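**Q** First the structure, then my questions, so here it is.
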Amino acid sequence: GDSVTQTEGPVTVSESESLIINCTYSATSIAYPNLFWYVRYPGEGLQLLLKVITAGQKGSSRGFEATYNKETTSFHLQKASVQESDSAVYYCALGEGVGDNSKLIWGLGTSLVVNP
Amino acid sequence: EAAVTQSPRNKVAVTGGKVTLSCNQTNNHNNMYWYRQDTGHGLRLIHYSYGAGSTEKGDIPDGYKASRPSQENFSLILELATPSQTSVYFCASGDVDFQNTLYFGAGTRLSVL
């Protein structure tokens, strides 16, 4: 079945450093799945960070970027300079199907700790 | 602002007891979902609903029931709680299908002793 693999956490970085959280996927049931990054800040629910539905395109939000790479089946999350407020758990997900046949396949989540 | 509220936020239950987790959304979304997350697993779908009166089984429904009495409310019921149901539970709402943005509650941490 389809699956999502992401960097195992916790990932610890210092403020102003660059960040990359790896996400690779396996999509056997659909050629071009939709790809998502959700984030969960402490004490809050998950919220959508960014979504890309077209291979080769890049999504961006709050200084984070992720490019949908069909060749390497990857959707890595990057930020050039992290802030302490970026400390959170980040989830990569793959979407397939539409309507009643749609589903989301989730990665395990990557905990990010940004030290001041 | 879109809001999904879960209660309780923390719960300790005894094995064999009944547990009800509640979820309320003010988004006026048709669809609502219950997930659980455990170490070593991504979010796993337990039950979902397309609207008031509707409940559907997700990927891991065994041991759980769901109830959607209104557009706003969606409950997850553990009739006979077991230690294997110790987990963090998330409720979410959304429109159309899973490929559209889901809005999550803050989670309920359940411990079954």
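Every number in this text was worked out from the coordinates using simple rules, so none of it is lab data. Here the structure is a predicted model, which is why all the values come from computation and not from measurement. Note: ideal-geometry Cβ built from the backbone for every residue, glycine included; neighbour counts use all protein chains shown.
**Q** Which net charge results for the neighbourhood of A:TYR90, defined as the other residues with beta-carbon distances under 11 angstrom from its beta-carbon, given Lys and Arg at +1 and Asp and Glu at -1?
**A** Summing Lys and Arg as +1 and Asp and Glu as -1 gives +1.
**Q** Can I ask one more? Could you list which residues have their amide H under 5 Å from that of A:LEU50, counting only those 5 or more apart in sequence or on another chain, with H placed in the peptide plane?
**A** When sequence neighbours closer than 5 places are left aside, the close amide H contacts are A:TRP37.
**Q** A further question follows. With contacts defined as alpha carbon pairs under 8 Å and 6 or more residues apart, what's the relative contact order of chain B in percent? Walk me through the numbers before you get to the answer.
**A** Working: 304 pairs, mean separation 40.2, N = 113.
Result for chain B is 36 percent.
**Q** State, to one decimal in nm², a quarter of the convex hull surface area for the C-alpha atoms of the protein assembly as shown, i.e. the direction-averaged projected area.
**A** Values: hull surface 49.0 nm².
Averaged projected hull area, Cα only: 12.2 nm².
**Q** For region B:40-91, which GluC sites (Glu not before Pro) pass both filters: DSSP loop (anything but H, G, I, E, B) and at most 16 other C-beta atoms within 10 Å?
**A** B:GLU79
**Q** Could you pull out the GluC sites (Glu not before Pro) across region A:7-116 that fall in loop regions by DSSP (anything but H, G, I, E, B) with no more than 10 other Cβ atoms inside 10 Å?
**A** Passing both the DSSP loop test and the Cβ count: A:GLU71.
**Q** Now for a different question. Relative contact order for region A:44-105: what percent, with Cα pairs under 8 Å and sequence separation of 6 or more?
**A** Relative CO of region A:44-105 lands at 17 percent.
**Q** Still on this structure: Translational diffusion coefficient, Stokes-Einstein: compute it for region A:55-111 using the Kirkwood radius over C-alpha pairs as Rh, at 37 °C and 0.692 mPa s, and state it as an integer in µm² s⁻¹.
**A** This corresponds to a translational diffusion coefficient of 251 µm²/s.
**Q** So for the protein assembly as shown, if I pair up every lysine 8 or more residues apart or on another chain, how many of those pairs have alpha-carbons under 25 Å apart?
**A** Summing the qualifying lysine pairs gives 15.
**Q** Another question, if that's okay. Return the Rg/Rh value of chain A, two decimal places, where both radii are evaluated on C-alpha atoms and Rh is the Kirkwood radius.
**A** On the way: Rg = 13.9 Å, Rh = 14.3 Å.
Reported Rg/Rh, Kirkwood definition of Rh: 0.97.
**Q** Across every pair of different alpha-carbon atoms, what Kirkwood hydrodynamic radius in Å does chain B reach?
**A** 13.8 Å
**Q** State the answer as a single residue: which of B:VAL88, B:ASN24, B:PRO69 lies farthest towards the positive end of the charge dipole of chain B, with beta carbon charges of +1 for Lys and Arg and -1 for Asp and Glu, about the Cα centre.
**A** Working it through, the farthest residue towards the positive pole turns out to be B:VAL88.
**Q** Could you give the Stokes-Einstein D for region B:1-45 in µm² per second, using the C-alpha Kirkwood radius, 20 °C, 1.002 mPa s?
**A** 166 µm²/s
**Q** Next question, about the same structure. Have a look at region A:28-91 and give its Rg and Dmax from the Cα atoms, expressed in angstrom.
**A** 12.6, 39
**Q** Averaging sequence separations of C-alpha pairs under 8 Å and six or more residues apart, then dividing by the length of region B:41-99, give the relative contact order as a whole percent. Let's see the in-between values first.
**A** Numbers: 67 pairs, mean separation 13.1, N = 59.
In percent, rounded to a whole number, it is 22.
**Q** I would also like to ask the following. Quick one: what do you get for region B:64-113 if you divide its Cα Rg by 2.2 N^0.38 Å?
**A** Here the Cα radius of gyration is 1.32 times the empirical estimate.
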